[in-house]
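Please read the structure below before turning to the comments.
Bear in mind these aren't lab numbers, they're just calculated from the coordinates by the rules spelled out. What you see is a predicted model, and the numbers here were worked out from it, not measured in a lab. Counting neighbours? That spans all protein chains shown, and the Cβs are built from the backbone with ideal geometry, glycine included.
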Amino acid sequence: MTQQPLNNNKAIVVFSGGQDSTTCLFWAKKHFDEVALVTFEYGQRHDTEIQVAKQIAQEQAVEHHLLDMSLLSQLTPNALTQHDMDINEGDSGMPNTFVPARNLLFLSFAGALAYQTNTKHIITGVCETDFSGYPDCRDSFIKSMNVTLSLSMDKDFVIHTPLMWLDKKQTWALSDELGVLEYVRKRTLTCYNGIIGEGCGECPACKLRARGLNAYLEEKGAN
Ligand SMILES: [Zn+2]
């Protein structure tokens with residue numbers, strides 16, 4: 001059996017419409033000719049998330065795949081999927097937004113999509129310096145997943161994680177470097193309360209985002 005090599009100029013970005021994955025979208029556009037997005041629907045707290053993702057895809061004129069992952073809500077009695085629960089840290093110290101194996105599943109499906117579209121590069125905004133500490137967002141997991149995906153389909157995929165070692169301040173710096181700081185600031189959704197851009201200012205996601213942005217703007221202003 002002769003294998004057709006994957007297209008080295010094509011990339012798929014795992015995309016939520018948030019700050020991190022939108023920064024990854026622009027990073028991908030800089031490095032690859034043909035960029036597509038994949039967004040997973042799994043009963044997000046706000047449908048706004050999906051709308052924002054669609055909107056950004058449209059504005060940036062990139063192909064957008066929406067995949068139904070609603071089965072996740074059957075597995076995870078937590079704040080992201082059960083709308084009447086509060087988001088806070090559980091006893092384990094893990095935020096109760098934790099969905100076991102979510103990123104493993106997302107990357108598996110992104111890989112299957114990459115295969116079907118003959119795409120070599122898969123980009124994800126996971127980050128080890130993030131506050132969340134999800135085990136399937138760590139660098140060691142991503143490297144293992146890269147090997148697994150490639151073996152499972154007998155294709156040489158490459159998973160890229162441009163944000164892996166960045167903190168929030170450095171992620172803002174990257175978006176500035178890519179010339180899209182204002183776009184990311186105004187058009188993306190991070191807020192747990194579903195408010196686009198600067199958000200509600202009160203939820204943990206907003207606080208983390210604002211802290212990073214302020215630190216970056218301060219540093220920039222000082223130079
Ligand atoms: Zn918020």
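Around the amide H of Asn7, modelled in the peptide plane, lie the amide H atoms of Thr119, Lys120, all under 5 Å away and 5 or more residues distant in sequence or on another chain.
Amide H contacts for Val13 (H built 1.01 Å from N in the peptide plane; partners 5 or more residues away or on another chain; cut-off under 5 Å): Ala36, Leu37, Val38, Ile123.
Using the Kirkwood radius over Cα pairs, work out the Stokes-Einstein diffusion coefficient for the range 138-179 at 25 °C and 0.890 mPa s, in µm²/s as a whole number. Calculated translational D: 206 µm²/s.
Calculated FRET efficiency, Ser140 to Glu34, Cβ-Cβ distance, R0 = 25 Å: about 0.25 to the nearest 0.05. The value obtained for the range 104-223, namely the Cα convex hull volume divided by the number of residues, is 124 Å³ per residue.
Please work out how much length the chain gains when fully extended from His64 to Asp47, using 0.36 nm per residue of separation minus the C-alpha to C-alpha distance, in nm with one decimal.
Stretched fully, the His64-Asp47 segment lengthens by 4.5 nm.
Quick one: of Lys30/Lys169; Lys143/Lys220; Lys120/Lys186; Lys54/Lys220; Lys10/Lys207, which pairs are farther than 28 Å apart, Cα to Cα? Pairs exceeding 28 Å: Lys143/Lys220; Lys120/Lys186; Lys54/Lys220; Lys10/Lys207. Taking amide H as placed 1.01 Å from N in the peptide plane, Gly18 has its amide H under 5 Å from the amide H of Leu189, each at least 5 places away in sequence or on another chain. Relative contact order, whole percent, for the chain stands at 22, derived from Cα pairs under 8 Å and 6 or more residues apart. For the chain, pairs of C-alpha atoms spaced more than 25 angstrom apart make up 38 percent of the total. Between Glu202 and Ala215, residue separation times 0.36 nm minus the direct Cα-Cα distance comes to 2.9 nm.
Stokes-Einstein diffusion for the range 154-199, with the hydrodynamic radius set to the Kirkwood value over Cα pairs and evaluated at 25 °C in a medium of 0.890 mPa s, equals 198 µm²/s. Sequence-distant contacts, meaning Cα pairs under 8 Å at least 6 residues apart, place the relative contact order of the range 100-170 at 40 percent.
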